[in-house]
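These notes are about the structure you will find just below.
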Amino acid sequence: MSRIRFNRRNELERDSKRLLLNLGAPLSRREALRRCLYGTAGLFLVNGWGLRASTASRPAKAKSVIQIWMWGGPAHLDTFDPKPEAGRDYCGDLLNPIPTNVDGIRIGELLPLLAQQADKYSIIRSMTHGNNGHETAAYMVQTGRPPGGREVYPCAGAVTSLFKGYDAGYQGLIPPYVVLTEPQGRFSEAGFLGSKYKPFATGGDPARIPFAVEGVVAPGISEQRQQARRNLLQQLNTLGRALPGDATVKALYASEQQAYELILGDAGKLFDLSQEPDALRDRYGRNTFGQSCLMARRLVEKGVPYVTINYKGWDTHKTHFPIMRRKLPELDKGFATLLQDLSERGLLASTIIWWSGEFGRTPKVQWEAPWNGGRNHFGRVFSAVVAGGGFKGGQVVGASNATGEELQSRPVYPCDLLGSMYALMGIDAAARLPHPQGALARVMPTPEEGVKSGGLLKEIM
C-alpha cells in the first residue's frame, strides 16, 4: 500500500512540474481545451493577451446564443419553405405543408410542433452565398467572409467569446463557447484569434447517463476517487513549498482550484441531466439532439454566452426522404420544446436561437440511380430561422421562386445575419479584432472589402 501511495505521489509531482514547465510551449488542441476548463487564471496562462474587447454603445438585447448547426445542409423545401405546387419532382411525397399558429405561414408537414411555435421565430427564406462546398460554405456562414483569403477569420462563437467571455468580465467556470458535442471542423474555430477562443467540445452523449463530458466527467472514475486525488494534491503542494511567493505557481494553483470546482462542485452538476424532470426530458426527446437542446438551455441559464449544437446527418445525397421521415420529427420535438422551455422560463427574450446549415439542398430531386431520391448541395438559396434575443417572431423575410431554385426577393447574405446577431448582442461590427501581426481586422467586413450584403435584418429586429 505504501508503495502505491509513493508512486501516486511521484506521478502527481511529475505531472505538476511538467504542466508548469510547459506553460509557454505550443499546446495540442486537446490540451488547450482541457486548460480552458481552468477558468480565468488558466486562460491567462494559455494566452497572455489580457485583452479587453470593446462593444457597441447600444444596449445589448441578447445575452446568449444557441446555434443549431445543421451540418450537411437541410433542404428548405422540406422544412421552412415548402413548394407543394412544384410537384413530386421537387417535393417527393412531402406534398402537404401545414399551417402554423401565424396566419399565412406554412411549413413542412413533418414539423407539427414547430408549427405551433411559429409566433416565436422568424423564417429567412432568401439566404444565399452561391457556394456548394461544405467547408468553404460553412466558413462563409460562420464568419460572414468569403473563403480563400490570406487570413482565417474567427467564427461567430469565437467572436462572441472574445467580446462576451472572460476578457469582458464573464466569471463562469464553464467556458464561454461550448459545442455539443463535437466540433464542426475548422470553420468552428477561432482563426487568427488563437486557441484561447476555440470552443470547448463536450464530447460524450447527453442522452446517456452519466453524460461523460470530456475533461469534466471522467468515465470509470468515481466522485470519491476524484476527491481523493484532490486531497492528495493539496497535501503534496511540492511546488508551492519549493517556490514560495512565485506568481506563476499561485496562478497554477488558483486554476487547479477552479478546475476541481468545475469537476466536483455545482458547475459539474450542470451537466447532469438526470436533475431535470423526466417529463421534460421526454418532451425534448430521449435522443442526442433532444437532450443537447435541453443541455443548451441549462448552459445559457447559467450565463454561457455561446452554445452550438452540432446536429449532423443532413448531407442526404441518397434516399433523402426516408432520412427526412426519421430526422425531421426528432428536429421538430427538440427545437419546438427548446423554444417553449426558454419562453416559459423568461429566457427567450435574452437568448438568440439561430438555426441554419452551411447551405440548402437542390430543390429538384435526383430520382435516378445511384441517388434514388437524393438532394445535392445548394448554396444559391436556402433557409435560416432566428428567434429570441431581440428578433421578432411570426415573420418571413425574403422569398424564393415557385420551385425554390432562385431568389425572388430580399437576398440575405451571411454577413447580414451575423451582423444582425452582433448588433443585438451589443457587439460593434466595426470593432477591431486582435491580430497577432497587428493587421487591421474588423468584426464584420466593410463594403470596401467586396463582400455582398443586403443589409441588416431590420424588418425583424
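We did not get these values from a lab; they are worked out from the coordinates using the rules stated. No experiment lies behind these values; they were computed from the predicted model shown. Please note: Cβ atoms are built from the backbone with ideal geometry, for glycine as well, and neighbour counts cover all protein chains shown.
Observations, loosely collected:
- Translational D in µm²/s for the range 266-360 (Stokes-Einstein at 20 °C, 1.002 mPa s, Kirkwood Rh from C-alpha pairs): 149
- For the range 89-136, convex hull volume per residue from C-alpha positions, Å³: 138
- Kirkwood radius and radius of gyration were both taken over the C-alpha atoms of the range 364-444, and their ratio Rg/Rh is 1.14.
- Gyration tensor (alpha-carbon) shape descriptor, the range 286-339, a/c threshold 1.5: prolate
- Approximate shape of the range 288-438 as ellipsoid semi-axes (Cα gyration tensor, √5λ), whole Å, largest first: 30, 22, 16
- For the range 435-450, backbone phi angles converted through the Karplus equation (6.51, -1.76, 1.60; θ = phi - 60°) give residue-by-residue couplings of 10, x, 9, x, 5, 6, 9, 9, 4, 10, x, 9, x, 5, 7, x Hz, Gly and Pro being listed as x.
- Ranked by the mean number of other Cβ atoms within 10 Å of their residues, highest first, the peptides 144-151, 307-314 fall in the order 307-314, 144-151.
- Using the Cβ-Cβ distance between Ala402 and Leu440 with R0 = 45 Å, the FRET efficiency computed as 1/(1 + (r/R0)^6) comes to roughly 0.50.
- Once the chain from Trp371 to Ala349 is taken as fully extended at 0.36 nm per residue, the excess over their C-alpha distance is 3.6 nm.
- Protection proxy ranking, highest mean first, for peptides 448-461, 377-390: 377-390, 448-461, where packing is the per-residue count of other beta-carbon atoms within 10 Å, averaged.
- Amide H within-cut-off set for Ile68, under 5 Å, with H built and near neighbours excluded: Ile309, Trp354, Trp355, Ser356
- Using the Cα coordinates of the range 156-214, the gyration tensor eigenvalues translate into equivalent-ellipsoid semi-axes of 22, 15, 7 Å, sorted from longest to shortest.
- Using a simple spin-label model with pseudo-atoms 7 Å out from Cα toward Cβ, Asn101 and Lys392 lie 1.9 nm apart.
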